[in-house]
Amino acid sequence: MLPSTVYNRLLSAYREDRPQFFLLVDPDKADPAQLPGFVAEAQDAGVDGFLVGGSLALLPHFEECLRSIKVAATVPVVIFPGGLHQISGEADAILFLSIISGRNPEQLIGQHVLAAPMVHELGLEPISTGYMIIETDAVTTTEYMSYSKPIPRGKPEIAAAHALAAQMLGMKLVYLEAGSGAPQSVPTPMIKMVRELTDIPLIVGGGIRTPEAAAEKVAAGASVVVIGNYFEENGNLVQLRAFADAVHGGRAQRITEI
């Protein structure tokens, strides 16, 4: 049996073909006092984990948000860092992101050299992740802040080659990101090609606004679907269970299509 770590939990779900639904919490937009109730509600609806972070994280309560989430969380709480200021021992793990879609050396290795001693000292589980920004009709915050050119959405073979290289370099996850609140999500052909060429868990996020779209990403090959911005809008939280059911049921749709 695999040791109980966040990554091994994700890997087991991947190997057993159990798609996962993660919520992204942006500390800049969250009220720490309301997070325990939100987390409990989300877990009851079927959420499998939480990512915490943002491209800016301007407010000083990043760690306070993590603590508030951990009070109620029985599922993994993972940092999705927007920079060195988003490293904390309050989480279960951190996505150790390399923006492999770009050629900015700071986002490929530079920031990691500075982060590694802090992550090590905190005893935080690092999960090496090949992160790819996918082109949409708008410039996303991540693209702008990281000085990273996105992969053309009509070139799935480029994304697949990058994902395969990430796997060969020993990275544990591949993450296809359209951007928070993006007008378009990651194209289905791109997800399919990446899934076909790699055998590590595949995360897909950005621009997913309906349960049907979430199920489509899983049917195409996503192991984990991440949604954040959509649930920051008033009234959308009532759809949490519908999204969770769609993600968890997306496997059946993929099998039917095969």
Calculated over segment 1-104: convex hull of Cα atoms, volume per residue (Å³)
123 Å³
Among the listed pairs Lys29/Lys192; Lys149/Lys172; Lys70/Lys192; Lys70/Lys172; Lys29/Lys149, give every one whose C-alpha distance is greater than 30 Å.
Lys29/Lys192; Lys70/Lys192
Spelling out what I want: for every residue of segment 17-31, take phi, set θ = phi - 60°, compute 6.51 cos²θ - 1.76 cosθ + 1.60 (Karplus), and round to whole Hz; glycine and proline get x.
6, 10, x, 10, 10, 10, 9, 9, 10, 8, x, 5, 10, 9, 9
Are there chymotrypsin sites (Phe, Trp or Tyr not before Pro) in segment 1-41 that DSSP puts in a loop and that have at most 16 other Cβ atoms within 10 Å, and which ones?
none
What distance in nm separates the simple spin-label points at Val238 and Asp28, each placed 7 Å from Cα in the Cβ direction?
3.0 nm
Only four residue types carry charge here, +1 at the Cβ of Lys and Arg and -1 at the Cβ of Asp and Glu. Report the dipole size of segment 137-234 about the Cα centre in Debye, rounded to the nearest 20.
220 debye
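Determine the calculated [θ] at 222 nm for the chain from helices alone, applying -39500 (n - 2.57) to every DSSP H run no shorter than 4 residues and normalising by the residue count; nearest 500 deg cm²/dmol. Please report the intermediate quantities before stating the final value.
Values: 9 runs with 101 residues, N = 258.
So the helix-based figure for the chain works out to -12000 deg cm²/dmol.
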Go through Pro105, Gly154, Val77 and say which Cα lies farthest out towards the positive end of the charge dipole of segment 6-257; charges sit on Cβ, +1 for Lys and Arg, -1 for Asp and Glu.
Gly154
For segment 118-126, Karplus couplings with θ = phi - 60° (6.51, -1.76, 1.60), whole Hz, Gly/Pro x
5, 4, 5, 5, 7, x, 7, 6, x
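Can you give me the relative contact order of the chain as a percent, contacts being Cα pairs under 8 Å and 6 or more apart? Could the numbers behind the result be given before it?
Values: 519 pairs, mean separation 48.9, N = 258.
Once divided by the residue count of the chain, the mean separation gives 19 percent.
Values quoted throughout were computed directly from the atomic coordinates according to the rules given, and no laboratory measurement underlies them. Treat the numbers as computed from the prediction; the structure is a model and nothing was measured. Please note: Cβ atoms are built from the backbone with ideal geometry, for glycine as well, and neighbour counts cover all protein chains shown.
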